[in-house]
Structures are given as C-alpha cells and as structure tokens.
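The values are calculated or read from the model by the stated rules, or taken from the named source; none is laboratory data. In this text the structure is predicted, and so the values were computed from the model without any measurement. Cβ atoms come from the backbone with ideal geometry, glycine included; neighbour counts cover every protein chain shown.
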Amino acid sequence: MRSLTCWTIFSLLALSTLPVIKVEACSCVLTHPQTHFCDSDYVAVVRVKKFFPINEDEVAYRVKVNRVFKTNPKADMAMKQNILWTSSISSMCGVYLNLGETYVISARIISGKPSISICGLATRWSEVTPRQRKGFRQFYHRGCVCEILYTHWWRKGAAFESAAGKRCLWESAPGPQDCQEKYGICMLSPGGCSWVPSVPYKNCIKQHQRQREQQRAREP
C-alpha cells in the first residue's frame, strides 16, 4: 500500500532529512500506514457516492461511511454530513477518488472540515492487506506511543543506535521496506518499540531474504 502524508507548508520539507516523494507538483513525506492512523483525526472505510466542485481551489466528496477506525468529538461533528474536502490544485496535494469505489481514508479537521490529501491515506480498500486491516481494527492505536522512522538502508546502524527503544526502523529497499509497510505493526514491549512478530510478516521477511540471496548470487 503506497500511502503518503502532507498537511503543512511544503517549503518546510526542504529542511527535512526525511525521504520525499513527488506526486505531480506535490511533495509528500513517505509515511507508514500506522503513522497515518496515529496522526489523523479521523480514519474510516468509505464508499464514494458523489463529487462536488466547490470553487477553483476546493472540491468535496459525499461518502457512505462503512466503518470508522478512529475519530474524536471534533471529527464526529465535522462528519455529520458525510462530506470529505480536498484541494482541487495538484500542488496542494488534492486527492481524486473514483465514484463508486471504497477507500480507507485519513482526515484532519481543518477549519471544521474533514480534509483529505493525496499525501494521507486514500487507498482502495481492496489493496489493503489483511494484516493492515487488523492493524486498523485493533493494533495501530496501541502503537501510537512509538515512532516509525523511515530509514535508508545504509544508515540502519546509526539509526538503530539513536532509536533508544522508542522507534521502529522502516528500512528502505533493498531492506524489507514492503514487508514492514504491508505486514508490520510497531508496538511497545518491555524491550522497547519493535515490529510485532506475525506469520505474514515472518513469511514476507523470509521471501525477501531469499530474493536478496538470489540477487547477490547473480551479481558479478
């Protein structure tokens, strides 16, 4: 699941050492689904019912809410009409949703409106792995005391030393980036924050290791 977050002025990203992905003219910090969950006011599975062009800067979607994973009183009030707002401008990370499709979305309440972004969660529910679904339903909220830090594979050692048990390292390729994104849940244990073992996660790691070994064997 390729999901991203972008909610502040993008010039600040130039000062950041975090990895940045460009979507058209929009720059987004690469973010784990669990972090999207923890940082949002509202996370839900919705079906898109109608599209509303509001003005040259803003559009809205009326949705049917199938399931709510996270909310708060402010979000409950903002979602009474089941309308999600987003920018109509690509440089401001406006998100396009297909009518009739079902998505898991994350929103922040801005000026009383549930606002979504291409840099947040706006992923087809059919593309969400069973392990991620379990994270949304049960586990992601328990791991919000931890931080998931995207780390370039060559900086893993230094990043691990500085984590001080408060972070899970999300390792870039050729590290197990996809495994940690699709099957990883970061939670606090007596030894500190770590990826929770699970059969899907372990199987993915094993497959990743086999592929890495085969790739190395082919290298001159």
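Here are the numbers for this structure:
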| quantity | calculated |
| --- | --- |
| Conditions (1) within 21 Å of ALA44 (Cβ to Cβ); (2) crowded, with 19+ Cβ neighbours inside 10 Å: number failed by THR151 | (1) |
| Among (1) within 22 Å of LYS70 (Cα to Cα); (2) surrounded by 12 or more Cβ atoms within 10 Å (Cβ to Cβ), the one test that GLN138 misses | (2) |
| Residue selected from the stretch 95-114 under the condition of a type in the set (Val, Ile, Thr) and within 13 Å of ASP41 (Cα to Cα), by the criterion surrounded by the fewest Cβ atoms within 10 Å (Cβ to Cβ) | ILE110 |
| The stretch 25-56: number of residues that are in a loop (DSSP other than H, G, I, E, B) and either more than 13 Å from the chain's Cα centre (by Cα) or surrounded by fewer than 17 Cβ atoms within 10 Å (Cβ to Cβ) (or both) | 5 |
| In the stretch 200-220, the residues that are among the aliphatic types (A, V, I, L, M) and within 28 Å of LYS134 (Cα to Cα) | ILE205 |
| Leading residue by the ranking (modelled with the lowest pLDDT) among those in the stretch 161-220 that are assigned to a helix (DSSP H, G or I) and among the hydrophobic types (A, V, I, L, M, F, W, C) | ALA163 |
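For (1) of a type outside the set (Lys, Arg); (2) assigned by TED's automatic domain parsing to the domain that holds ALA173; (3) more than 16 Å from the chain's Cα centre (by Cα), each residue gets a yes or a no:
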| position | (1), (2), (3) |
| --- | --- |
| MET77 | yes, no, yes |
| LYS80 | no, no, yes |
| SER87 | yes, no, yes |
| VAL95 | yes, no, no |
| SER111 | yes, no, yes |
| PRO114 | yes, no, yes |
| ARG155 | no, yes, yes |
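Rundown of residues vs (1) under 26 Å from THR71 (Cα atoms); (2) free of Cβ contacts under 8 Å to residues at least 24 places away in the same chain, yes/no style:
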site: ARG131; (1), (2): yes, no
site: CYS144; (1), (2): yes, no
site: LEU169; (1), (2): no, yes
site: ILE185; (1), (2): yes, no
site: PRO200; (1), (2): no, no
